[in-house]
Amino acid sequence: MTILLSTLNARYTHASLGLRYLLANMGPLAPETRIQEFVIGAKTADVVERLLLHSPQIVGFGVYIWNVEETTKVVAMLKRVAPEVIVVLGGPEVSFETNEQAIARLADYVVTGWGDVTFPKLCAEILDGPKPLMKIHAGVQPPMAEIALPYALYSDEDIAHRTLYVEASRGCPFKCEFCLSSLDKTAWPFPLDAFLAQLESLHARGARLFKFVDRTFNLNVKTSQRIMQFFLDKLAANPEDPVYAHFELVPDHLPEPLKQTIAQFPPGALQFEIGIQSFNPEVQALVSRKQNNEKAMENIRWLCEHSQAHLHVDLIAGLPGEDIASFARGFDRLVSLGAHEIQFGILKRLRGTPIIRHTEPYAMVYDPAPPYTVLATGLIDFPAMQRLVRFARYWDLVANSGRFANTVRELLGVRPFENFMAFSDWIYTKTDATHRIALEKLAKLVVEWLQVTGMERDRAAALVASDYAGSVDGAGKSKEKDKTSVVAAPARQVRHLAA
Ligand code: SF4
């Protein structure tokens, strides 16, 4: 075999869509090309050994923010033990500031941007000549209809055990400066009928969990409706074997026809990820994020009240111009809307993103190592940022996990940010840890904290125990709330919907 496509996924359950696109578009080289995926945390020598078992002439690596450090070690070792193997890099992490990166210096070639056409062409030149002269090759973006869709390359094992990533479009027309998609300037849809035919065959092969990676799924309402109708038809035809679909939405665009479609989904069939990022209009303007806050709030409220979708809403702390008080106001607003999960992220300076223009004026200090998280800003110093980082971690463990749904309402009270920050500071002093806190220990700590805030011990214990009683075991089977319903949703989402 001649060409190996490889990457280190963040988890086993994440099947790489990028590698499957490359393989689907290899043309005459496809029979000589294979995929070999790893999971971060694997030993470098083991990865290199397994790559070399295939005796490849070319290894193409998908490089992302989460795997660049480990992939750098893999490439360094690979080039030491087998310098004759040609290494080609691709992926968002090496598509910008390429020359500044150690991994790019170790590699033979780098394809920036889209690799669907350029990677196979480069491989053909490497193998058959003339030898490519340039090291860095800007990916050519073909018409969408010319890109072969990769979904048939999901194996039966992928379908049975891994998240199936799908995309009906690439790109985003918005320009939020912290986001790599802001460089796209537009979105490009794949031909819809061909895409739906692929979904159909995945479903026929047993796929039930679909994660759409489209950056703005609700841009074109007619397209969104047709895709959602595909899932509604499957749900209607086979309610005992339901599907589950995840979409990313822009929050201020939910026209009536789309609402009507969304309202038809039963519980446990739909998840929306909705980016708010900041509710502060000055911060939004600074980072070129166009968002109608009133409309966004109205839509989230509508989704909470009139749909059965699981809602995961994103906020970013550490944006230029945002202090803690402003972030706290946004957080409290989001809590009041009632979304199931608030993803509290800390700003990252992704390579290539225009947010770099604010570094000096807003005294932004970023970690130089991936994932390039902001460490301090002119308005949030390092110790305060550390408190926010811990808040985010405990929020995930206690609130987003869905394991303490009733307790969290009590814990947040009428000042959610302030109260949860007090809890976060307290639990950190008790544990000196933000990871590896066993669930039982966490529950005891929550009971203890409720007493610190003045709740009587028996009531605190009963409250936390009531959350356990309503919890679920494994995906799809609620113990308490509804013993008969079957849903395809992951366990965490089921816990939220059951709360
Ligand atoms: S944050 Fe969302 S809306 Fe903004 S550019 Fe990125 S993908 Fe588009």
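The values are calculated or read from the model by the stated rules, or taken from the named source; none is laboratory data. For clarity, every value in this text was computed on a predicted model and none was experimentally measured. A quick note on method: Cβ atoms are made from the backbone with ideal geometry, for glycine too, and the neighbour counts reach across all protein chains shown.
Determine whether the range 160-169 contains at least one residue that is away from the ligand (no atom under 15 Å from the Cβ) and touching a Ser or Thr at 6+ places or on another chain (Cβ under 6 Å).
Here is the first cut: in the range 160-169, the ones away from the ligand (no atom under 15 Å from the Cβ) are 160-166.
From what's left, touching a Ser or Thr at 6+ places or on another chain (Cβ under 6 Å): 162-163.
Yes, because at least one residue in the range 160-169 is away from the ligand (no atom under 15 Å from the Cβ) and touching a Ser or Thr at 6+ places or on another chain (Cβ under 6 Å).
Just name the residue that is modelled with the lowest pLDDT out of those in the range 425-451 that are surrounded by 13 or more Cβ atoms within 10 Å (Cβ to Cβ) and more than 19 Å from ALA461 (Cα to Cα).
Going through the qualifying residues, I end up with THR434.
What do you reckon, is GLU177 within 11 Å of the ligand (Cβ to nearest atom) and either modelled with pLDDT of 95 or more or not in a loop (DSSP other than H, G, I, E, B) (or both)? Walk me through how you get there before you give the answer.
Details: within 11 Å of the ligand (Cβ to nearest atom): yes; either modelled with pLDDT of 95 or more or not in a loop (DSSP other than H, G, I, E, B) (or both): yes.
Yes; evaluated as a whole, the condition is true for this residue.
Could we say that ARG357 is in contact with a helix residue (DSSP H, G or I) (Cβ under 7 Å, 6 or more places away or on another chain), part of a helix (DSSP H, G or I) and surrounded by fewer than 15 Cβ atoms within 10 Å (Cβ to Cβ) here?
Details: in contact with a helix residue (DSSP H, G or I) (Cβ under 7 Å, 6 or more places away or on another chain): no; part of a helix (DSSP H, G or I): yes; surrounded by fewer than 15 Cβ atoms within 10 Å (Cβ to Cβ): yes.
Spelling it out, it is not the case that ARG357 is in contact with a helix residue (DSSP H, G or I) (Cβ under 7 Å, 6 or more places away or on another chain), part of a helix (DSSP H, G or I) and surrounded by fewer than 15 Cβ atoms within 10 Å (Cβ to Cβ).
So that you can scan it fast, the table gives a plain yes or no per residue for (1) of a type in the set (A, V, I, L, M); (2) closer than 20 Å to HIS340 by Cβ; (3) within 16 Å of the ligand (Cβ to nearest atom):
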position: PHE247; (1), (2), (3): no, yes, yes
position: GLU256; (1), (2), (3): no, no, no
position: GLN291; (1), (2), (3): no, no, yes
position: ARG301; (1), (2), (3): no, yes, no
position: CYS304; (1), (2), (3): no, yes, no
position: GLN308; (1), (2), (3): no, yes, no
position: ASP323; (1), (2), (3): no, no, no
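Picking from LYS211, LYS259, LYS222, which residue would you name as being over 28 Å from PHE344 (Cα atoms) and not acidic (Asp, Glu)?
Details: LYS211 fails: over 28 Å from PHE344 (Cα atoms); LYS259 fails: over 28 Å from PHE344 (Cα atoms).
Only one candidate qualifies: LYS222.
Considering only residues that are out of contact with any Leu (no Cβ under 6 Å at 6 or more places or on another chain), more than 10 Å from the ligand (Cβ to nearest atom) and in a loop (DSSP other than H, G, I, E, B), which ones fall in the range 270-288?
PHE279, ASN280, listed by residue number.
Hey, could you check the range 377-391 for residues that are touching a Ser or Thr at 6+ places or on another chain (Cβ under 9 Å) and within 13 Å of ALA433 (Cα to Cα) and say which is surrounded by the fewest Cβ atoms within 10 Å (Cβ to Cβ)?
The selected residue is ARG387.
Among the numbered criteria (1) within 14 Å of GLY18 (Cα to Cα); (2) within 16 Å of the ligand (Cβ to nearest atom); (3) of a type outside the set (A, V, I, L, M), which single criterion is violated by CYS172?
(1)
Of all residues in the range 199-216 being surrounded by fewer than 17 Cβ atoms within 10 Å (Cβ to Cβ) and assigned to a helix (DSSP H, G or I), which is farthest from the ligand (Cβ to nearest atom)?
Within the range 199-216, the match that is farthest from the ligand (Cβ to nearest atom) is ALA204.
Surrounded by 18 or more Cβ atoms within 10 Å (Cβ to Cβ), among the small types (Gly, Ala, Ser), on the phi < 0 side of the Ramachandran plot and modelled with pLDDT under 90: which single residue out of SER401, SER471, SER485 fits that description? Walk me through it before giving the result.
On the way: SER401 fails: modelled with pLDDT under 90; SER485 fails: surrounded by 18 or more Cβ atoms within 10 Å (Cβ to Cβ).
One residue alone meets the criteria, SER471.
Do we have TYR12 as of a type in the set (Phe, Trp, Tyr) and in contact with an Asp or Glu (Cβ under 6 Å, 6 or more places away or on another chain) here?
no
When you go through LYS185, LYS131 one by one, which is the residue that is more than 16 Å from the ligand (Cβ to nearest atom), of a type in the set (Lys, Arg) and in a loop (DSSP other than H, G, I, E, B)?
LYS131
Identify all residues within the range 76-106 that are in contact (Cβ under 8 Å) with a residue 40 or more places away in the chain, under 21 Å from GLY352 (Cβ atoms) and among the hydrophobic types (A, V, I, L, M, F, W, C); write none if there are none.
Filtering the range 76-106 down to residues in contact (Cβ under 8 Å) with a residue 40 or more places away in the chain leaves 86, 90-93, 95-97, 103.
After this cut, where a residue has to be under 21 Å from GLY352 (Cβ atoms) as well, the list is 90-93, 95-97, 103.
PHE96, ILE103, listed by residue number.
So, in the range 159-205, how many residues would count as being in contact with a strand residue (DSSP E or B) (Cβ under 8 Å, 6 or more places away or on another chain), among the charged types (D, E, K, R) and closer than 18 Å to PRO92 by Cβ?
Qualifying residue count, the range 159-205: 4.
Within 16 Å of the ligand (Cβ to nearest atom), crowded, with 18+ Cβ neighbours inside 10 Å, of a type in the set (A, V, I, L, M, F, W, C) and over 21 Å from ALA489 (Cα atoms): which single residue out of LEU219, LEU149 fits that description? Outline the logic, then answer.
On the way: LEU149 fails: within 16 Å of the ligand (Cβ to nearest atom).
Just one listed residue meets the conditions, LEU219.
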